[in-house]
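Some notes on the structure that comes next.
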Amino acid sequence: MTDSPRPPVSIWIGCLAFFAAIAVEFAGTLWCFWLATDDYVNSSFLTSWIGEVDVLFQVLLVTALAIVVVLVGASSGIAGFYGLKGYRWARVAGVIAFGVSALALFGSYITWSAIGFTLIGMVCYWLPPSIRYFAAWELLRYPPPTPAPVIPAVEYGPLPKYREVDAQSE
(Lines give C-alpha, C1' and ligand atoms only; values in the text may rest on other atoms or scores of the structure.)
Protein backbone atom coordinates (compact mmCIF):
# COMPACT_ATOMS: atom_id res chain seq x y z
CA MET A 1 0.00 0.00 0.00
CA THR A 2 1.28 3.44 -0.78
CA ASP A 3 -0.14 5.08 2.32
CA SER A 4 1.11 2.42 4.72
CA PRO A 5 2.67 3.65 7.96
CA ARG A 6 6.44 3.49 8.26
CA PRO A 7 7.68 1.32 11.11
CA PRO A 8 9.42 3.23 13.90
CA VAL A 9 12.82 2.20 15.22
CA SER A 10 11.22 0.29 18.10
CA ILE A 11 9.43 -2.00 15.64
CA TRP A 12 12.64 -2.63 13.69
CA ILE A 13 14.57 -3.40 16.86
CA GLY A 14 11.81 -5.68 18.14
CA CYS A 15 11.57 -7.53 14.84
CA LEU A 16 15.32 -7.99 14.61
CA ALA A 17 15.44 -9.16 18.23
CA PHE A 18 12.84 -11.83 17.55
CA PHE A 19 14.73 -13.01 14.47
CA ALA A 20 17.99 -12.98 16.44
CA ALA A 21 16.30 -15.23 19.01
CA ILE A 22 15.56 -17.71 16.24
CA ALA A 23 19.16 -17.64 15.01
CA VAL A 24 20.65 -17.99 18.48
CA GLU A 25 18.32 -20.81 19.44
CA PHE A 26 19.16 -22.66 16.23
CA ALA A 27 22.91 -22.11 16.60
CA GLY A 28 22.90 -23.11 20.26
CA THR A 29 21.01 -26.31 19.52
CA LEU A 30 23.38 -27.15 16.69
CA TRP A 31 26.21 -26.66 19.19
CA CYS A 32 24.47 -29.09 21.56
CA PHE A 33 24.16 -31.62 18.76
CA TRP A 34 27.84 -31.17 17.91
CA LEU A 35 28.87 -31.73 21.51
CA ALA A 36 26.65 -34.80 21.66
CA THR A 37 28.85 -36.57 19.13
CA ASP A 38 31.65 -36.67 21.71
CA ASP A 39 30.02 -36.33 25.14
CA TYR A 40 26.27 -36.92 25.00
CA VAL A 41 25.54 -36.51 28.70
CA ASN A 42 27.10 -33.04 28.98
CA SER A 43 25.93 -31.73 25.58
CA SER A 44 22.90 -29.85 26.95
CA PHE A 45 21.28 -29.08 30.26
CA LEU A 46 18.41 -31.44 29.47
CA THR A 47 20.71 -34.40 28.94
CA SER A 48 22.93 -33.53 31.90
CA TRP A 49 19.93 -33.42 34.24
CA ILE A 50 18.76 -36.84 33.12
CA GLY A 51 22.18 -38.48 32.91
CA GLU A 52 23.21 -41.68 31.17
CA VAL A 53 20.32 -43.44 29.43
CA ASP A 54 19.83 -46.04 26.72
CA VAL A 55 19.93 -45.18 23.02
CA LEU A 56 16.18 -44.96 22.45
CA PHE A 57 15.76 -42.44 25.25
CA GLN A 58 18.72 -40.45 23.86
CA VAL A 59 16.87 -40.16 20.56
CA LEU A 60 13.79 -38.93 22.42
CA LEU A 61 15.84 -36.27 24.23
CA VAL A 62 17.38 -35.07 20.97
CA THR A 63 13.88 -34.93 19.49
CA ALA A 64 12.76 -32.89 22.49
CA LEU A 65 15.58 -30.41 21.86
CA ALA A 66 14.55 -30.18 18.20
CA ILE A 67 10.95 -29.52 19.22
CA VAL A 68 12.15 -26.73 21.52
CA VAL A 69 13.92 -25.12 18.55
CA VAL A 70 10.74 -25.33 16.48
CA LEU A 71 8.56 -23.87 19.24
CA VAL A 72 10.90 -20.99 20.06
CA GLY A 73 11.54 -20.33 16.39
CA ALA A 74 7.89 -20.41 15.37
CA SER A 75 6.67 -18.19 18.20
CA SER A 76 9.47 -15.67 17.70
CA GLY A 77 9.07 -15.72 13.93
CA ILE A 78 5.34 -15.10 14.12
CA ALA A 79 5.79 -12.21 16.55
CA GLY A 80 8.60 -10.68 14.50
CA PHE A 81 6.97 -10.94 11.09
CA TYR A 82 3.47 -9.85 12.03
CA GLY A 83 4.78 -7.06 14.24
CA LEU A 84 6.64 -5.63 11.26
CA LYS A 85 3.46 -5.92 9.19
CA GLY A 86 1.59 -3.88 11.80
CA TYR A 87 -0.78 -6.42 13.32
CA ARG A 88 -1.74 -5.33 16.82
CA TRP A 89 -1.97 -8.89 18.12
CA ALA A 90 1.77 -9.30 17.49
CA ARG A 91 2.30 -7.65 20.88
CA VAL A 92 0.50 -10.56 22.55
CA ALA A 93 2.40 -12.97 20.31
CA GLY A 94 5.59 -11.36 21.63
CA VAL A 95 4.54 -12.08 25.20
CA ILE A 96 3.79 -15.68 24.24
CA ALA A 97 7.15 -15.94 22.46
CA PHE A 98 8.86 -14.71 25.60
CA GLY A 99 7.09 -17.38 27.63
CA VAL A 100 7.91 -20.10 25.13
CA SER A 101 11.54 -18.99 25.00
CA ALA A 102 11.91 -20.23 28.57
CA LEU A 103 12.20 -23.66 26.96
CA ALA A 104 15.65 -22.52 25.80
CA LEU A 105 16.83 -23.35 29.31
CA PHE A 106 16.94 -26.99 28.20
CA GLY A 107 19.69 -26.22 25.68
CA SER A 108 23.07 -24.65 26.38
CA TYR A 109 24.32 -21.28 27.53
CA ILE A 110 24.09 -20.13 23.94
CA THR A 111 20.39 -20.86 23.71
CA TRP A 112 19.76 -18.91 26.89
CA SER A 113 20.39 -15.68 25.02
CA ALA A 114 17.21 -16.36 23.01
CA ILE A 115 15.31 -15.50 26.19
CA GLY A 116 16.97 -12.10 26.30
CA PHE A 117 16.29 -11.42 22.63
CA THR A 118 12.60 -12.26 22.97
CA LEU A 119 12.43 -10.02 26.04
CA ILE A 120 13.90 -7.15 24.02
CA GLY A 121 11.45 -7.80 21.19
CA MET A 122 8.50 -7.98 23.53
CA VAL A 123 9.39 -4.74 25.31
CA CYS A 124 9.94 -2.94 22.01
CA TYR A 125 6.47 -3.90 20.81
CA TRP A 126 4.87 -2.35 23.90
CA LEU A 127 6.63 1.03 23.62
CA PRO A 128 4.47 4.07 22.72
CA PRO A 129 5.86 4.50 19.15
CA SER A 130 5.04 0.86 18.45
CA ILE A 131 1.54 1.22 19.86
CA ARG A 132 0.96 4.23 17.59
CA TYR A 133 2.28 2.21 14.63
CA PHE A 134 -0.09 -0.65 15.35
CA ALA A 135 -2.99 1.79 15.76
CA ALA A 136 -2.17 3.44 12.42
CA TRP A 137 -2.21 0.07 10.68
CA GLU A 138 -5.46 -0.84 12.40
CA LEU A 139 -7.04 2.36 11.11
CA LEU A 140 -5.72 1.69 7.61
CA ARG A 141 -6.95 -1.90 7.53
CA TYR A 142 -10.29 -1.26 9.17
CA PRO A 143 -11.42 2.31 8.50
CA PRO A 144 -14.37 3.54 10.51
CA PRO A 145 -17.69 3.06 8.74
CA THR A 146 -18.99 6.04 6.83
CA PRO A 147 -22.18 7.44 8.28
CA ALA A 148 -25.38 6.80 6.36
CA PRO A 149 -26.54 9.72 4.23
CA VAL A 150 -29.24 11.92 5.70
CA ILE A 151 -32.56 11.12 4.08
CA PRO A 152 -34.82 14.11 3.47
CA ALA A 153 -38.46 13.98 4.36
CA VAL A 154 -40.05 10.73 3.36
CA GLU A 155 -43.13 10.90 1.16
CA TYR A 156 -45.76 8.27 1.63
CA GLY A 157 -48.12 7.21 -1.06
CA PRO A 158 -47.57 7.51 -4.80
CA LEU A 159 -44.63 9.62 -5.93
CA PRO A 160 -45.34 12.92 -7.69
CA LYS A 161 -44.42 11.59 -11.12
CA TYR A 162 -46.96 8.80 -10.73
CA ARG A 163 -49.65 11.19 -9.49
CA GLU A 164 -49.50 12.97 -12.84
CA VAL A 165 -49.98 9.66 -14.68
CA ASP A 166 -52.92 8.77 -12.47
CA ALA A 167 -54.51 12.22 -13.02
CA GLN A 168 -54.19 11.92 -16.79
CA SER A 169 -55.67 8.43 -16.89
CA GLU A 170 -58.83 9.51 -15.08
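The values are calculated or read from the model by the stated rules, or taken from the named source; none is laboratory data. Being a predicted model, the structure only gives us computed values, none of them experimental. Backbone-built Cβ (ideal geometry, glycine too); neighbour counts: all protein chains shown.
Of the residues making up the stretch 77-90, those that are in a helix (DSSP H, G or I), within 8 Å of the chain's Cα centre (by Cα) and surrounded by fewer than 20 Cβ atoms within 10 Å (Cβ to Cβ) are 77, 78, 81, 82.
Within the stretch 111-141, how many residues are closer than 14 Å to residue 76 by Cβ and among the basic types (Lys, Arg)? Qualifying residue count, the stretch 111-141: 0.
Looking at the stretch 61-74, can you tell me whether even one residue there is within 27 Å of residue 141 (Cα to Cα) and assigned to a helix (DSSP H, G or I)? Yes: the stretch 61-74 contains one or more residues that are within 27 Å of residue 141 (Cα to Cα) and assigned to a helix (DSSP H, G or I).
Listed by first and then second residue, the pairs with beta-carbon distance under 6 Å, at least 6 apart or on different chains, first residue in the stretch 101-112 and within 14 Å of residue 35 (Cα to Cα), second among the β-branched types (Val, Ile, Thr), are 107/29.
Take residue 79 and tell me if it is at pLDDT 95 or above and either touching a Cys at 6+ places or on another chain (Cβ under 9 Å) or of a type in the set (Phe, Trp, Tyr) (or both). Here the answer is yes, as residue 79 does meet what is asked.
Checking the stretch 56-74 against the condition returns a match, with at least one residue being among the small types (Gly, Ala, Ser) and farther than 24 Å from residue 16 by Cα.
Looking at residue 60, is it surrounded by 14 or more Cβ atoms within 10 Å (Cβ to Cβ) and under 30 Å from the mean Cα position of the chain (by Cα)? Spelling it out, it is not the case that residue 60 is surrounded by 14 or more Cβ atoms within 10 Å (Cβ to Cβ) and under 30 Å from the mean Cα position of the chain (by Cα).
Taking the stretch 100-170 and the helices (runs of 4 or more DSSP H) fully enclosed by it, the elements with 1 or more residues that are surrounded by 16 or more Cβ atoms within 10 Å (Cβ to Cβ) are at 109-125, 128-141. Screening the stretch 27-56 for residues that are surrounded by 12 or more Cβ atoms within 10 Å (Cβ to Cβ) and aromatic (Phe, Trp, Tyr) and picking the one that is modelled with the highest pLDDT gives 31. Of 142, 87, 133, all but one fail to be out of contact with any helix residue (DSSP H, G or I) (no Cβ under 6 Å at 6 or more places or on another chain) and at pLDDT 95 or above; the exception is 87. Against the test of being in contact (Cβ under 8 Å) with a residue 60 or more places away in the chain and β-branched (Val, Ile, Thr), the options 96, 131, 120, 67 yield a single qualifying residue, 120. Residues in the stretch 85-99 that are among the aliphatic types (A, V, I, L, M) and either farther than 14 Å from residue 126 by Cβ or in contact with a Leu (Cβ under 9 Å, 6 or more places away or on another chain) (or both): 90 alone.
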